[in-house]
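Visitor: Okay, handing you the structure first.
The values are calculated or read from the model by the stated rules, or taken from the named source; none is laboratory data. Quantities reported herein were computed from a predicted structural model and do not represent experimental measurements. Here Cβ is always computed from backbone atoms with ideal geometry, including for glycine, and neighbour counts include all displayed protein chains. The protein model used for the area step is the full one, side chains on, heavy atoms only, and it has no ligands, DNA or RNA in it. Shrake-Rupley method; radii C 1.70, N 1.55, O 1.52, S 1.80 Å.
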Amino acid sequence: MVFLERDGTYINTSPENDYYKKVLMFKKVWDSGQETFEIQTSGSTGMPKKIILHRKQMLASVKMTAKAFDLQEGDTAFCCLNIDYIAGMMMLVRAFEIGMDLVVVEPASNPFLGIEKHLYLLNANRGRNFFAFVPLQIQTILESEPIFAEILNSAKAIIIGGASVNETIIEKIQKIYRPVYVTYGMTETITHIAIKRINGAAKDDFFNTLEGVDIKLNDSNCLMIKSKTTDNQWIETNDVAEIVNGSSFVLHGRIDNVINSGGVKIQLEKIEKTAETILRKLDSEKKRLNGRFFVFSLPDEKLGERLIFVLEKSISTELPSNEEAIKIDILLAFKEILPKFEVPKEVFFVEKLLETPTGKIDKIKTINAYVLPQISNG
């Protein structure tokens, strides 16, 4: 762990750790006034690629986020995201520019685990801590020891990004009484440009853009974004959306997240939404199906693409031994809700879902590592 105080002093619990050396090097480079930074995108809008970000864009992002969450000098930023990518990097920049204290830990499923004796730094600043997580991290914390979940209630605000947050996690988040938001954005927009509160009486129905962000739809109904963070250039996304008013929107899914199975186009997000309902029902029936999941396709000689459902064995409990019977229960549940052509053809249980460096599920790698061998062995 690295703790950087706004006055420049710091504690480094692992001075030989390469990750923490990288954090301190980035601070040195930022303080030097460097104007451009090369960073790799996570692949949200296509193949991962390296792009150049300008300091003025990053500073504009800091101002928008500071205003949205009332971040002030003396607050504490807790960074447990990979600083090689935009979300983690901007947590550092916010702390430097706003004058926040900064706690940095290496990315992990439970970033509080292993730093228990230093959690007093967060408890001492209750109500002034700013946390950023990916969904797996918030889920793991909420399913861990109560001491870790209680740290979340020391927040001024908590943001969750990098991937969608399913209803099971949202339900668990309701025990947090401090405001929790999901974010929308990407590297090209210098991290988030819209937020949506998901807990408490003040939770939102839509994503609301930060101040100074303009949005519109292209001819394919995909969201387009312009602000000072994009250097006042329109950025085109692959996200199909509906603009509710000039500053709020609903996401319907990615335009490239559609498969063609037997001539029928299937939006994968719709199937995953149904899967959430199914798994919550089966889990309540003691089938212990609370792991992460995704739907995808495999090549098929007759259909072109066939829909499959991939489910991670629970991170908190062991899956019962009768996997084949549970697969049948899952498929039957899909058939009760969806039209025949939208029902997955197969269910695969895997030991874990592989992730990208930014914490998103890497569907292709997971299929290659865990699904294809099951087909070969079958």
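Visitor: From the P(r) of segment 212-297, could you give the percentage of C-alpha pairs in the tail past 20 Å?
Guide: Working: 1917 of 3655 pairs.
Cα-Cα pairs in segment 212-297 separated by more than 20 Å: 52 percent.
Visitor: So how exposed is L136, as accessible area in Å² (1.4 Å probe, rounded to 10)?
Guide: 20
Visitor: Please compute the net charge surrounding M186, taking Lys and Arg as +1 and Asp and Glu as -1 over other residues with Cβ under 15 Å from its Cβ. Before the final figure, lay out the partial values.
Guide: On the way: positive: K49, K50, K226, R254, K360; negative: E188, D231, E236, D239, D256.
Net of charged neighbours comes to 0.
Visitor: Tell me, what is the FRET efficiency for L372 and E73 to the nearest 0.05, using R0 = 51 angstrom and their Cβ-Cβ distance as r? Could you put the intermediate results ahead of the total?
Guide: Values: r = 52 Å, r/R0 = 1.03.
The value I calculate is 0.45.
Visitor: Quick one: accessible area per residue over the chain, 1.4 Å probe, rounded to a whole number of Å²? Walk me through the numbers before you get to the answer.
Guide: Details: 17760 Å² over 378 residues.
Heavy-atom accessible area per residue stands at 47 Å².
Visitor: Still on this structure: Out of the total accessible area of segment 47-200 (probe 1.4 Å, heavy atoms of protein only), what percent is carbon and sulfur?
Guide: Working: 2860 of 5530 Å².
Carbon plus sulfur share of accessible area: 52 percent.
Visitor: Kindly state, to the nearest 0.05, the FRET efficiency for E242 paired with Y10, given R0 = 30 Å and r defined as their beta-carbon distance.
Guide: The computed FRET efficiency comes out at 0.05.
Visitor: Can you compute the helix-only [θ] at 222 nm over the chain? Use -39500 (n - 2.57) per DSSP H run of at least 4 residues, normalise by all residues, nearest 500 deg cm²/dmol. Walk me through the numbers before you get to the answer.
Guide: Numbers: 11 runs with 108 residues, N = 378.
Taken over the chain, the calculation gives -8500 deg cm²/dmol.
Visitor: Still on this structure: Using only protein heavy atoms and a 1.4 Å probe, report how much of H118 is accessible, in Å² to the nearest 10.
Guide: Counting only protein heavy atoms, H118 exposes about 40 Å² to solvent.
Visitor: Within the accessible area of segment 202-306, what % is carbon and sulfur when the probe is 1.4 Å and the other protein chains stay in place?
Guide: Working: 2560 of 5670 Å².
Answer for segment 202-306 is 45 percent, counting heavy atoms of protein chains only.
Visitor: Looking at the chain, send over the antiparallel percent of its DSSP beta bridges, to the nearest 5. If you can, show how the numbers build up before the last one.
Guide: Values: 47 of 68 bridges.
The answer is about 70 percent antiparallel.
Visitor: Here is a follow-up. Take the cross-link list K21/K360; K50/K203; K117/K273; K63/K196; K216/K313; K67/K273 and give me the ones stretching past 30 Å between alpha-carbons.
Guide: Working: K21/K360 25 Å; K50/K203 36 Å; K117/K273 40 Å; K63/K196 18 Å; K216/K313 40 Å; K67/K273 33 Å.
Listed pairs above 30 Å: K50/K203; K117/K273; K216/K313; K67/K273.
Visitor: At 0.36 nm per residue, minus the direct Cα-Cα distance, what do H54 and Q233 gain on full extension? Give it in nm, one decimal, please. Numbers along the way, then the final one.
Guide: Numbers: separation 179, 0.36 × 179 = 64.44 nm, distance 1.34 nm.
So the chain would gain 63.1 nm between H54 and Q233.
Visitor: Please report, largest first and rounded to whole Å, the three semi-axes of the ellipsoid equivalent to the chain, where each semi-axis is the square root of five times an eigenvalue of the C-alpha gyration tensor.
Guide: Working: eigenvalues 255, 125, 76 Å².
The three semi-axes for the chain are 36, 25, 20 Å.
Visitor: Could you give the length gained on full extension between K365 and E38, defined as 0.36 nm per residue of separation minus the Cα-Cα distance, in nm?
Guide: Numbers: separation 327, 0.36 × 327 = 117.72 nm, distance 2.57 nm.
Stretched fully, the K365-E38 segment lengthens by 115.1 nm.
Visitor: Under 9 Å from the Cβ of A66, count the other residues' Cβ atoms, weight Lys and Arg +1, Asp and Glu -1, and hand me the total.
Guide: On the way: positive: K63, K67, R94; negative: D70, E97.
Computed value for this residue: +1.
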